[in-house]
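Undergrad: I have a structure I would like to understand better, so I am pasting it below and will then ask my questions one at a time.
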Amino acid sequence: MNCSLGVNAFRPGVQVAAHHFSKACSRLLVAAAPTTTRCFSSTPLPPSTAQNQRHANRGCLLSSSTPLFGPSSIPRIAVRTLKFAARNRIITHYVDLPPNYKDEEGLPFRANELAAGEVLRLFGPAMATHEANKLLKILHGRRVAGTLDDPVLQVNTAAYTVKDKRTALDYLRKNIYVDEVVNAGLRAEDELAALEKQQEEGDQAQTEEGDITKKVGYKSRFKMYRDDTEGVDEAEKNKPAPPSVYGKSAFDAIRARNEAIWKEKLKKQEEERKKLEEEYKNGKAGPLAKAEDAPKREVSAKRKEWEQWAMSDLKEPPKMPAWKRLLPSTVFVALLVAGFLTYSQLYVAPSRENRLWPDCPPAAATVAALIGANVLIWFLWKIPVMWKPLLRWFLISPATPKAFSMLGAVFSHQVVWGHLIVNMPFLWFFGTRLHDEVGRADFLTTYVLSGSVGFLTSLFWLVLRGNFHMTTLGASGAIYGISAAYFWMHRFEGFKILGLPPDPYTGVQGLAFIGLFGGLNIWGLFSKNHTMDVVSHLGGMIIGIIAGHLMEQKKKARLEGAGNTQHLNLKDQKTGSGVLDTILEKKA
């Protein structure tokens with residue numbers, strides 16, 4: 001059993017010494033009373049003092065039983081036991097704060113520190129991994145120690161931006177629950193107790209100094225001592241004591257200022273505690289919010305009504321085997337594959353005068369139509385009356401999958417504009433280039449099949465893993481498919497980005513881009529806390545590579561056929577001219 005003497009308000013060196021002293025105390029405790037779990041001090045204290053009452057309020061009980069040391073008439077006080085955390089235990093309570101805790105080192109906030117990928121997602125590329133973990137340790141330590149608002153300690157985090165500190169604090173409050181109000185209150189109590197103890201010691205020293213003066217019979221002519229009033233009339237006695245000839249000391253000023261600061265902090269913390277209690281009672285419990293945080297916008301009653309109408313009444317996913325969830329979508333995607341492969345073989349490009357936009361290049365017209373369809377579906381998500389059909393047919397839910405959603409989700413995006421804005425430029429850039437090479441039929445076949453087969457792959461992954469709480473949508477799988485098809489058809493050619501690398505270098509080969517895209521998605525597949533549907537990306541890339549290979553073979557066959565036709569035409573021209581010459585000779 002580890003126990004301490006409750007000196008959290010003193011320096012770490014004193015706490016360590018007290019900890020070593022308490023080991024002997026614990027051994028004697030086990031010998032004398034093996035069933036006890038408390039550690040007793042050997043310092044006699046009056047049982048009715050305010051100091052003891054305050055410790056009793058903090059979980060320390062006054063004992064009047066037979067003492068373990070010394071005479072039986074001396075009472076002992078049981079102080080708060082400090083239990084040191086195990087290696088893998090995360091400290092969240094002020095009473096568990098280790099004696100060697102330092103603000104600049106902080107406390108571990110979880111068993112393993114954040115990896116590079118987690119730091120990148122949380123803070124962005126500007127924050128180094130070790131610096132991010134150091135900041136998180138320091139802030140977690142302050143939450144436990146109750147020193148989040150201590151201005152003296154801000155020097156240890158002055159190198160970090162306000163945004164980084166706010167991001168780290170939000171992450172900690174979301175993932176590691178710490179009662180910051182209680183910890184700060186305990187910290188304030190310890191520091192206030194230390195200040196009061198220092199003041200009591202100072203008063204006792206002044207009293208002892210006055211007693212010494214009486215014993216030696218010293219009488220001051222200047223009446224500097226309050227008890228030195230012999231030979232003074234009653235009016236003189238009733239006068240207030242004159243101030244010290246030395247004036248007010250710096251220590252007195254610091255103590256008065258600190259006491260005022262702590263009283264103000266305690267008042268605010270008590271107000272916050274009462275406010276949180278009211279929220280808990282009213283069912284509005286949540287993370288600790290600061291006063292300067294903007295209040296969240298209240299959802300209107302009409303919007304709540306639309307949400308209730310659009311959402312399903314199911315309390316949990318229906319009980320059914322995996323094959324029943326996967327079979328309808330698999331059959332639908334198989335029909336899509338067969339239909340679009342047939343379409344790519346039978347499609348004949350219309351003449352210029354029969355096109356809808358004759359003055360627009362075919363590639364631009366096709367890709368613009370796809371972008372328009374994506375924007376239209378994104379806009380429909382903002383109309384409440386459309387939520388129910390969109391949730392049913394344009395969002396993939398592994399709990400209740402719908403077959404048509406394998407195609408509808410390819411044209412659907414999140415309500416936030418960032419998802420759409422990221423995807424559409426890539427669709428335009430790679431889509432127009434692939435369309436110019438393979439034509440409309442092969443391009444649309446690659447786009448639709450990459451997206452739908454990619455989502456089918458994702459559906460298999462989610463259902464077989466039992467992740468029924470997740471949903472997915474977006475054109476990312478289709479865009480990865482057309483990108484992979486384009487780079488596969490140019491896998492040995494060099495590509496330059498913004499003119500780099502300079503001549504005579506040819507640039508990066510298409511295979512390198514395919515490897516880069518695939519590697520990033522495979523890394524995301526095995527990383528924790530990723531939010532992208534990387535499985536649909538990988539499925540779309542595989543279909544894109546297969547489509548690129550087939551279109552490459554089709555292009556070669558078309559070129560060979562054109563070459564053979566040209567050769568036959570030249571041969572026919574030669575044969576025809578020879579026959580004509582023979583006829584003319586005979587007539588002559």
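The values are calculated or read from the model by the stated rules, or taken from the named source; none is laboratory data. Computed from a predicted model, the values in this text were never measured in an experiment. Note: ideal-geometry Cβ built from the backbone for every residue, glycine included; neighbour counts use all protein chains shown. Side chains included, ligands, DNA and RNA excluded: accessible areas come from the protein's heavy atoms. Shrake-Rupley method; radii C 1.70, N 1.55, O 1.52, S 1.80 Å.
Undergrad: Of these, Lys555, Lys586, Lys528, which one is of a type outside the set (S, T, N, Q), modelled with pLDDT under 90 and surrounded by 10 or more Cβ atoms within 10 Å (Cβ to Cβ)?
TA: Being of a type outside the set (S, T, N, Q), modelled with pLDDT under 90 and surrounded by 10 or more Cβ atoms within 10 Å (Cβ to Cβ) holds for just one of Lys555, Lys586, Lys528, which is Lys555.
Undergrad: Before we move on, is Thr472 of a type in the set (Val, Ile, Thr) and over 35 Å from the mean Cα position of the chain (by Cα)?
TA: no
Undergrad: Also, I was wondering about something else. Pairs needed: first member in region 118-136, closer than 14 Å to Arg166 by Cα; second member anywhere, of a type in the set (Gly, Ala, Ser); C-beta distance under 6 Å; at least 6 residues apart or different chains.
TA: What qualifies is Phe123/Ala132; Leu135/Ala168; Leu136/Ala168.
Undergrad: Tell me yes or no: at least one residue of region 155-164 is open to solvent by 20 Å² or more (accessible area, probe 1.4 Å) and under 27 Å from Arg255 (Cβ atoms).
TA: Among the residues of region 155-164, at least one is open to solvent by 20 Å² or more (accessible area, probe 1.4 Å) and under 27 Å from Arg255 (Cβ atoms), which makes the answer yes.
Undergrad: Please go through (1) part of a helix (DSSP H, G or I); (2) at pLDDT below 95; (3) hydroxyl-bearing (Ser, Thr, Tyr) for Thr400 and return the number of the only condition it doesn't satisfy.
TA: Tallying (1) part of a helix (DSSP H, G or I); (2) at pLDDT below 95; (3) hydroxyl-bearing (Ser, Thr, Tyr), Thr400 fails exactly one: (1).
Undergrad: Okay, next question. When the residues of region 474-508 are filtered to those that are open to solvent by 70 Å² or more (accessible area, probe 1.4 Å) and either touching a Cys at 6+ places or on another chain (Cβ under 8 Å) or under 19 Å from Gly431 (Cα atoms) (or both), which remaining residue is modelled with the highest pLDDT? Quick ask: steps written out before the conclusion?
TA: Narrowing region 474-508 to residues open to solvent by 70 Å² or more (accessible area, probe 1.4 Å): 492-493, 496-498, 500, 502-506.
Going one step further and asking which of them are either touching a Cys at 6+ places or on another chain (Cβ under 8 Å) or under 19 Å from Gly431 (Cα atoms) (or both), we end up with 493, 496-497.
Details: Glu493: 87, Lys496: 80, Ile497: 79.
By that ranking, first place goes to Glu493.
Undergrad: Conditions first: (1) part of a helix (DSSP H, G or I); (2) of a type outside the set (Val, Ile, Thr); (3) open to solvent by less than 80 Å² (accessible area, probe 1.4 Å). Leu148 passes all but one, so which condition is the exception?
TA: All conditions pass for Leu148, except number (1).
Table: residues versus (1) in contact with a Phe, Trp or Tyr (Cβ under 6 Å, 6 or more places away or on another chain); (2) on the phi > 0 side of the Ramachandran plot; (3) open to solvent by 40 Å² or more (accessible area, probe 1.4 Å).
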| position | (1), (2), (3) |
| --- | --- |
| Pro317 | yes, no, yes |
| Leu335 | no, no, yes |
| Val348 | no, no, yes |
| Arg355 | no, no, yes |
| Leu376 | no, no, yes |
| Trp387 | no, no, no |
| Pro401 | no, no, no |
| Met406 | yes, no, no |
| Ala409 | yes, no, no |
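Undergrad: Let me ask something else about it. Looking at Ile482, is it among the hydrophobic types (A, V, I, L, M, F, W, C) and under 22 Å from Lys556 (Cα atoms)?
TA: Yes; evaluated as a whole, the condition is true for this residue.
Undergrad: Then there's this: Suppose we filter region 126-136 for residues that are more than 15 Å from the chain's Cα centre (by Cα) and surrounded by fewer than 19 Cβ atoms within 10 Å (Cβ to Cβ); how many remain?
TA: 4
Undergrad: Go through region 337-346 and count every residue that is open to solvent by 70 Å² or more (accessible area, probe 1.4 Å) and farther than 18 Å from Glu437 by Cα.
TA: 1
Undergrad: Could you say which residue among Ala365, Ala334, Ala310 is in contact (Cβ under 8 Å) with a residue 24 or more places away in the chain and small (Gly, Ala, Ser)?
TA: Ala310
Table: residues versus (1) within 30 Å of Ala441 (Cβ to Cβ); (2) at pLDDT below 80; (3) assigned to a helix (DSSP H, G or I).
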site: Gly247; (1), (2), (3): no, yes, no
site: Phe251; (1), (2), (3): no, yes, yes
site: Trp262; (1), (2), (3): no, no, yes
site: Leu266; (1), (2), (3): no, no, yes
site: Glu272; (1), (2), (3): no, no, yes
site: Lys319; (1), (2), (3): no, no, no
site: Pro328; (1), (2), (3): yes, no, yes
